[in-house]
Amino acid sequence: MMKKEIKKIITGVKTSDGKGVQLTRIIDSPTLDMLDPFLLMDAFGSDEPQDYIGGFPPHPHRGFETVTYMFAGKMRHKDSVGNSGIIETDGVQWMRAGKGIIHSEMPEQEEGLLSGVQLWVNLPASHKMSEPSYQEINGDGIPKETRGDDCFLKVIAGKTKNGTQGAISNDLVDPLYWDIHLSQHARFDDQIPAGHNAFIYMIEGKVTVCGAPIIKNQLAVLSEGNHIEIKSTSATARLLLVAGKPLNEPVARGGPFVMNTPEEIQQAFADYESGKLGQQDSLR
Ligand code: FE2
């Protein structure tokens, strides 16, 4: 057994995307370019409508997956392959863009708190041009595990040591995605597959890992190891523990496209412009 420690703390940068949505970019930021297979992570959270009301009008993706997890509020999504729906509080959408989709992600509210995170998970070369697909689960559909009276977790992906199996499956990077809630002085421990890259994102409160603190809104990149132990040092703490198998492939980025080579990025832009990636008109 080898314990994971905190290797690096990331706070991200404030930026905006879509039509003026205010967010913090934590992965794909100056201090953390990527954490293979994770390409990007944005956190958004505001009760000021002007910070989110513009939403993310139609835009394309190719070559990876987007994972949206809502902490509060509602987002409506619609895409060029005919899917649409609303991701509500506590709901998750795990979307494989594959060879390409065009979609919109718009707030389904005009006031109140909208908050959540979006994570981009890379696809291996063998699956970058696969068919787009969705796994969408509302809050009730996410398996939960209670440990004593001071710890419970929502298992979005991966399997806990007690055998709770996550709602989402992905055999490409074998992801683990847990939403962990702790009371004061609670201890949490579990196994993480050796060789996976892993991080903690603090949603609320404070915890320590091997004595080193992480506070709200920070992301902690974890060291190698196959075991994690987390201690709560605040009245309540809530965090995401996320891990995945690195792909170890070349990464070429071009805005909403992530491929293996610059030529494939050029091809993605050409396909988008010629309408091969999907028809935008269907979204209006
Ligand atoms: Fe998107």
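Computed values, structure above
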quantity	calculated
Residue that is at pLDDT below 95, of a type outside the set (Val, Ile, Thr) and either over 18 Å from residue 119 (Cβ atoms) or crowded, with 18+ Cβ neighbours inside 10 Å (or both), where the choices are 41, 1, 34	1
The range 217-238, subset under 20 Å from residue 118 (Cβ atoms) and out of contact with any Ser or Thr (no Cβ under 9 Å at 6 or more places or on another chain), residue surrounded by the most Cβ atoms within 10 Å (Cβ to Cβ)	220
In the range 133-155, the residues that are within 16 Å of the ligand (Cβ to nearest atom) and at pLDDT 95 or above	none
Test set (1) away from the ligand (no atom under 16 Å from the Cβ); (2) in a strand (DSSP E or B) - residue 42 fails condition number	(1)
Subset of the range 171-203 [in a strand (DSSP E or B) and either more than 17 Å from the chain's Cα centre (by Cα) or farther than 24 Å from residue 116 by Cα (or both)]	181, 182, 183, 187, 188, 189, 190, 191
Pick from the range 248-278, criterion surrounded by fewer than 19 Cβ atoms within 10 Å (Cβ to Cβ) and of a type in the set (A, V, I, L, M), ranking: farthest from residue 191 (Cα to Cα)	270
Filtered residues of the range 88-99 (kept if more than 12 Å from the ligand (Cβ to nearest atom) and either of a type in the set (Gly, Ala, Ser) or within 17 Å of residue 57 (Cβ to Cβ) (or both))	91, 98
Tally of residues being in a strand (DSSP E or B) and under 17 Å from residue 23 (Cβ atoms) across the range 99-124	11
Some residue of the range 228-237 being assigned to a helix (DSSP H, G or I) and over 21 Å from the mean Cα position of the chain (by Cα)	no
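The values are calculated or read from the model by the stated rules, or taken from the named source; none is laboratory data. These numbers were taken from a predicted model, which means no experiment stands behind them. Here Cβ is always computed from backbone atoms with ideal geometry, including for glycine, and neighbour counts include all displayed protein chains.
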